[in-house]
Amino acid sequence: MDENLPNKVDKLFAEGLQKFKSNPSEEVWDKIAEGLDEHDRKIAGTPIAWKQYIVVTALLIVGLNVLSRIYFHQKAIFKHETELRNKSPFPSIGTAETNLHGGEPESKTNLHNNGQRKIAVMQNNNEGEDLTFSDLSETPLVRVINQTVETRLPMVPISQPALSEKMTYRPLTLIHQKMRFKDRLSVTPFFSQEFAGYSLADNDLTGVNGQEIEERERNVFSASLGFYINYKISKRWILQSGISYSWSNSNIDSGTSYAVIDNRGNIQYKLNTISGYGYLKPASLTQPNVGDSVYTAKSYSQLHYITVPLVLSYHIPLKRFSLLIGAGTSFNVLTGAELETKTYGQSVPEKEYSVNMMGLKKINFGMLVKLDIEYHFNSKMGINIIPCFKNTLSPINLESAVTAYPYNFGIGVGVTYRF
């Protein structure tokens, strides 16, 4: 590359820009000078700083004048209110001491005297009338006659009009309102799914049909539906009662039933269950003999009870939750018992049966233990989880093949409403 190429480029630009001048003309310099002189004349001719000082000073004088007028006006109002207060029919308020046993008040205040009670009293009014005051604890009234009180309480300035010369003071009485009966009540409807079983007497396990029935029969479904009425005895203790309807279904494997003489003297086949028994009328016209047998298919039994519980529960609050731990008794009334089955065999025609179960007691009683876990939506409503264990203390049957004591464990769901 040619080393003289930069010099040729510079020469080319210099020749092309010859008509342009690098220095301004004299006219430009003259106009700049005239502008500078005019700006200096404006600054020199207008004393802006002095005008600002004058405005600030005037504002300060006006502000001090306004503040002084406000101060003296408030002072005059305070003086006027003080004069009105001094003319009040109750010129001074102090403290006097009275003995707890009804003694006369002392003339002077002793703030450190033990065994005495201090009450607020006032001097007699201008007309010479005696003033009577009592403290808030409803103690006997203390009468102050021409009592001079040396200690004065600081008076707070008020703008209210002066009190009337004759004013009746009534002692403040605190009345503790008792909780209403309605406030103590709440109701909890619930539904419970239960897992039931039977406890048999010891002598039934080795007796006739004892062990055999226990192995053949099993509970398949139990449930209860009802409500608790809760009455709050105290802050912690709650008495619960109510009513519930419960039912229990059981399956019985196929087996053999034998002909016996029933309560009316007729010969029928007897189907035994853990709870009770049922009579099956022969399907054929031929009268069976005692001891004859028939085969039964799978059988189904169902029991229905009305239960009235009585439970004493202890309440434990836990912020949004609360616990009720209770135990009590239950009275169970039998409302229905059915037995369904079907007979079959070579010499016996097949027949379906639906009969009433017999051998059951109408009333039995038991015990229960329950835990109620409640989540509070608000002060009126809550949702409950209710685990409960029930055990019958008296047998539910009589004159049956076995003596049965049913038990069940249930988990319920309920809603509590407080009145």
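Every read-out reported here was derived from the displayed coordinates using simple, explicitly stated rules and does not represent laboratory data. The structure presented is a predicted model; accordingly, all values stated were derived computationally and were not measured. Cβ placement follows ideal geometry from the backbone for every residue including glycine, while neighbour counts extend to all protein chains displayed.
Here are some notes:
- Filter result for ILE386 (among the β-branched types (Val, Ile, Thr), surrounded by 15 or more Cβ atoms within 10 Å (Cβ to Cβ) and in contact with a Lys or Arg (Cβ under 9 Å, 6 or more places away or on another chain)): yes
- Screening region 215-268 for strands (runs of 3 or more DSSP E) wholly inside it with 3 or more residues that are within 23 Å of LYS380 (Cα to Cα) returns the ranges 217-232, 237-252.
- Among the conditions (1) surrounded by 16 or more Cβ atoms within 10 Å (Cβ to Cβ); (2) in a strand (DSSP E or B), the only one that PRO282 does not satisfy is (2).
- The numbered conditions (1) at negative phi; (2) surrounded by 13 or more Cβ atoms within 10 Å (Cβ to Cβ) are all true for GLY359 except (1).
- Any hit, region 315-325, residues being over 22 Å from TRP237 (Cα atoms), in contact with a strand residue (DSSP E or B) (Cβ under 6 Å, 6 or more places away or on another chain), among the hydrophobic types (A, V, I, L, M, F, W, C) and in contact (Cβ under 8 Å) with a residue 24 or more places away in the chain: no
- Scanning region 383-406 for residues that are without any contact (Cβ under 8 Å) to a residue 60 or more places away in the chain and more than 25 Å from LEU200 (Cβ to Cβ) turns up ILE383, ILE385, PRO387.
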